[in-house]
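Quick notes on the structure that follows.
The values are calculated or read from the model by the stated rules, or taken from the named source; none is laboratory data. All values reported here derive from a predicted model rather than from experimental measurement. Cβ coordinates were reconstructed from backbone atoms using ideal geometry, including for glycine residues, and neighbour counts include every protein chain displayed.
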Amino acid sequence: IKVTSLLLKFLQKDVNGSCDHVVFLLSLTIHQTPKHYGITSPISLALPKEADLVLARKLTETLRPFGVFEEELELQRRILVLGKLNTLVKVWIREVSEVKNIPASVIDNVGGKIFTFGSYRLGVHTKGADIDALCVVPRHVERSDFFSSFYEKLKEQEEVKDLRAVEEAFVPVIKLSFDGIEIDILFARLALQTIPENLDLRDDGLLKNLDIRCIRSLNGCRVTDEILHLVPNIENFRLTLRAIKMWAKRHNIYSNILGFLGGVSWAMLVARTCQLYPNAVASTLVHKFFLVFSKWEWPNPVLLKQPEDCNLNLPVWDPRVTPSDRYHLMPIITPAYPQQNSTYNVSASTRAIMVEEFKRGLAITDEILQNKADWSKLFEAPNFFQKYKHYIVLLASAQAEKQHLEWVGLVESKIRILVGNLEKNEFITLAHVNPQSFPGPKEGTDNTMWVIGIVFKKMEGSENLNVDLTFDIQTFTDTVYRQAISSKMFEQDMKITAMHVKRKQLQQLLPKMAIQRSKRKASAHLLLCKYAEQSFQNVEQNPDNVGTSSSNAPRKGAASLKQPASPVQHDSEKKAKVDSVQQNAHPSPCLSAGPAGPASPLENEMSKKAKVEEVKDNNVKPNVFFFFKLYFQHCVLYFVLYTLFNPIINITYKVWTVSKKCN
């Protein structure tokens, strides 16, 4: 404003004179105009106050015990390892060039380079985290060379352990441990004769004449570099992202493969917040993050920059052109060409869960900014195993350790299909899968478990409503088996078991450390409720008749889905037992099924622990139950008598009083 007023004065005083002052002031105005980030104007340009800086320092101190900051020595070791790997790549490319008779003048400058991306490139990696790397080579080096000669060269290095190649993956990769640091190396072959040291991978021209696998490999580096160039203050962005990622992990909503958000998606949401509040520090940005995305009108996309068309005929996210893009529920679009939606796995349930967590985060950060709470409250992990009344436990088992790892990876990648099937069921409101897996019961095989929290719809006026989930679960298992067979990894001992359990039954299945019950004060009221529950309800222990009542209602309990003889069956051959939900007017619904085939490890574990629980329950003294029951019945009786006869007594007394006065 001051510069503009001075400019007007000069124009008024020196209209016919020299315009040097005008040019100077115009240039000064241009240079003082703040850089514009994002596709919209910022919401606020307010500078941080002293209180904001204090809160930012407190946030840093709160995050330290979680291990989100790496020590300087460890950071230097990572840099040293990447330097050795980069040198190894250059030597390998020279050797390949010599074998292919490349001119000596070209070999001297052939180059080659290791680029990083992901959390390490963003500067938000945690202690012990792996490094995502990209090997960029000139045009005469083939992908086959990378998975043959370079693989052999890595094998010769003493520091390299656990070396394995995944050449047939969607994005081919070599995995290894270099001096104790886990590294995933992708491969990209550019249409260049040499690879210069100052190569900028954000250049869209580099994508010309590349195969799709190289474009996919380049995408990680290009997106990461774009994010860093699109935020106004990198340090504030990094601290905010560390806080949001830790919060998401603590609240069980950090997993791209299971339908939540992965690291790059969280980074883009934080980057968008930084664009809207360019001068804010991390403490303010964390609060604004929850404010913005708790009120975001999904499925409107989150964009860091306007999409650009490079005329390379590559598929990009565009709901106007691609019909399938219109069904994405929570689109967060990558800023590098070709633009893609990084959250295509998000479902209705996972979006609802994340939005609810955004709202809770907003309420907590409101308290923090008002000095009513500390940052530690934001990172308190909710008890997933106390959140829902009903759960589905999914068990993946295989005989050999190597087969088990492959099987678990496949099953985990398909769990979102099961969640989608459950969402489509008209009697299920929400399905929440815990991203953390747990070791299953040891029954001679390696087992891994996942737990899915289920919320059923409350059906008014329905006393006995059976919901058949057989098709939902069978469709999921068929998909997994079919994928295993097509990829030639299926073995006969690979099995999937699904069972329904209630909240209190989870203690019998999961490790003790997984279930952390909140400590409560032992008041007389709580003890009374506990005794009443134990005395008036049958303890549900046997998984084959859990929840069985004296009526003819369907049995409620844990059900094991029998693996068919042939993993992919025709519909007419499926003989799986019916999984159902019994729903009364007031009691909560429960999945039930008869056992199919021999007992699964889950059922065996439940049966073993059921005996211990039964002994504990039988130790409760019946005299205590009788006393509380009798006391409760007397209270109810007195209340009923008083309610019924008190008006009659009052009326009779008034009539008697009036008649006495009249006499």
Considering L395, L378, which residue is in contact with a helix residue (DSSP H, G or I) (Cβ under 6 Å, 6 or more places away or on another chain) and within 15 Å of L509 (Cα to Cα)? L395
Limited to the stretch 73-132, what total is found for residues that are surrounded by fewer than 20 Cβ atoms within 10 Å (Cβ to Cβ), over 26 Å from I227 (Cβ atoms) and among the hydroxyl-bearing types (S, T, Y)? 2
Would you check if L201 is buried (at least 16 other Cβ atoms within 10 Å of the Cβ) and outside any strand (DSSP E or B)? yes
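Scan the stretch 112-163 for residues that are among the basic types (K, R) and part of a helix (DSSP H, G or I) and jot them down.
R121, R143, K153, K155 - these are the residues of the stretch 112-163 that are among the basic types (K, R) and part of a helix (DSSP H, G or I).
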Which of the residues belonging to the stretch 389-410 are over 18 Å from the mean Cα position of the chain (by Cα) and not in a strand (DSSP E or B)? K389, Q399, A400, E401, K402, Q403, H404, L405, E406, W407
Breaking point among (1) closer than 29 Å to F456 by Cβ; (2) polar (S, T, N, Q); (3) surrounded by fewer than 21 Cβ atoms within 10 Å (Cβ to Cβ); (4) not assigned by the TED database to the domain that holds I485, for S413: (4)
Can you pull out every residue in the stretch 231-274 that is farther than 23 Å from L53 by Cα and either part of a helix (DSSP H, G or I) or in the same structural domain as P435 (by the TED database) (or both)? A248, K249, R250, G263, V264, S265, W266, M268
